[in-house]
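**Q** For reference, the structure I am asking about is given below.
The values are calculated or read from the model by the stated rules, or taken from the named source; none is laboratory data. The structure presented is a predicted model; accordingly, all values stated were derived computationally and were not measured. FYI the Cβ positions are ideal-geometry reconstructions off the backbone, even for glycines, and counts take in every protein chain you see. For the accessible areas, the whole protein counts, side chains as well, though only heavy atoms, and no ligand, DNA or RNA atoms are used. Shrake-Rupley method; radii C 1.70, N 1.55, O 1.52, S 1.80 Å.
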Amino acid sequence: MMRHCGVLIPSTNTTVEIEYNRLLPPTLQGHVGRLGKGVETPFSPSRPADISYQARMLGTAKVEVVCLAQTAASLFDDDYDAATTQQMTAGAGVPSLTSAQAIGHAVRALGARRIALVSPYSQDVIGRARWYFESRYGVEVVAMEGFGATDSYAISTLSADNATAAFTRMDRPEIEVLVVPGGNFPTMRCIAAWEQQFHKPVITTNQAALWAMMGVMHIATPLPGLGRLLAHMPGVEGV
């Protein structure tokens, strides 16, 4: 039986649809709604009216869960996750989450306490990411590096080699998980190779969002080749 999940993405994101369409299991179909920005800065939150409308539209597709794949939006307002998930659930009539929440829960599910952050974000935004994950999920960010992106659309053109180089510079024994926030940064095909090279789990935005949505849907089918999180499905009922 075909199952359906819903993802809301910024209008500038050209990566989520490609990664999910190519990598989702054949019995799981992802449906996407695009969102405009409330303020014209690279990482500003999407318009609340767009979130409500697109969540309602996804609800008509009978999705079982909705995820906002815009990690940076969660980083600047303490109440953003709660308010936005409430808004999405009201529109779609199903459980909802943000990708920032998904990353935090994924780190916990892997039993990690010390993480490194590597992201296309500017230093200001990745600094906010550090605050978010440390204050919300009780982890310690022991290293972080951003690529200084100022154009959210252009993130999709960045090479994953940027992350590989950053991991090489910062890797140290105390880092338990490498975290790569940024839903428009193409990473899912690189996760397994990174884990083999650096001998520790890697969590990315789109990977964590998929894992979290499958958890809400109680889909425990492992997805090999996309990192330990999806290969072992920790924290998902039935695994």
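**Q** Take region 171-206 and flag every residue that is β-branched (V, I, T) and either more than 14 Å from L226 (Cα to Cα) or not in a helix (DSSP H, G or I) (or both).
**A** Matches in region 171-206: I175, V177, V179, V180, T187, V202, I203, T204.
**Q** Next question. If I filter region 218-237 down to residues being touching an Asp or Glu at 6+ places or on another chain (Cβ under 9 Å) and part of a loop (DSSP other than H, G, I, E, B), which single residue comes out as most open to solvent (accessible area, probe 1.4 Å)?
**A** Taking the candidates together, the pick is H218.
**Q** Got a sec? Which of T150, T168 is open to solvent by 40 Å² or more (accessible area, probe 1.4 Å), over 16 Å from T15 (Cβ atoms), hydroxyl-bearing (S, T, Y) and in a helix (DSSP H, G or I)?
**A** One residue alone meets the criteria, T168.
**Q** Something else now. Is region 75-88 home to any residue that is within 18 Å of D151 (Cα to Cα), touching a residue at least 12 places away in the same chain (Cβ under 8 Å), surrounded by fewer than 22 Cβ atoms within 10 Å (Cβ to Cβ) and in contact with a strand residue (DSSP E or B) (Cβ under 7 Å, 6 or more places away or on another chain)?
**A** No, because not a single residue in region 75-88 is within 18 Å of D151 (Cα to Cα), touching a residue at least 12 places away in the same chain (Cβ under 8 Å), surrounded by fewer than 22 Cβ atoms within 10 Å (Cβ to Cβ) and in contact with a strand residue (DSSP E or B) (Cβ under 7 Å, 6 or more places away or on another chain).
**Q** Same structure, new question: Could you give me the residue pairs with C-beta distances under 7 Å whose first residue belongs to region 128-142 and is assigned to a strand (DSSP E or B), whose second residue is open to solvent by 70 Å² or more (accessible area, probe 1.4 Å) wherever it lies, and which are 6+ apart or on separate chains?
**A** E140/R113; E140/R114; V141/R130; V142/R114; V142/E174
**Q** So, one more: I'd like the full set of residues that are at pLDDT 95 or above and among the polar types (S, T, N, Q), limited to region 188-222.
**A** Q196, Q197, T204, T205, N206, Q207
**Q** Which of (1) modelled with pLDDT of 95 or more; (2) under 30 Å from M233 (Cβ atoms) does M1 not meet, given it meets every other one?
**A** (1) is the only condition that M1 fails.
**Q** Give region 95-111 a look and list any residue that's touching a strand residue (DSSP E or B) at 6+ places or on another chain (Cβ under 7 Å) and either more than 19 Å from G215 (Cα to Cα) or without any contact (Cβ under 8 Å) to a residue 40 or more places away in the chain (or both), or say none.
**A** Within region 95-111, just T98 meets the criteria.
**Q** Find all pairs meeting these conditions: Cβ atoms under 6 angstrom apart; at least six residues apart or on different chains; first residue within region 40-64 and open to solvent by 30 Å² or more (accessible area, probe 1.4 Å); second residue at pLDDT below 90 and in a helix (DSSP H, G or I).
**A** Qualifying pairs under 6 Å: none.
**Q** Specify the residue that is most open to solvent (accessible area, probe 1.4 Å); the eligible residues are those in region 102-116 that are out of contact with any Leu (no Cβ under 9 Å at 6 or more places or on another chain) and either among the small types (G, A, S) or part of a helix (DSSP H, G or I) (or both).
**A** R108
**Q** May I ask you to list the residues in region 194-211 that are open to solvent by 10 Å² or more (accessible area, probe 1.4 Å) and in contact with an Asp or Glu (Cβ under 7 Å, 6 or more places away or on another chain)?
**A** Residues satisfying the conditions are F198, K200, P201.
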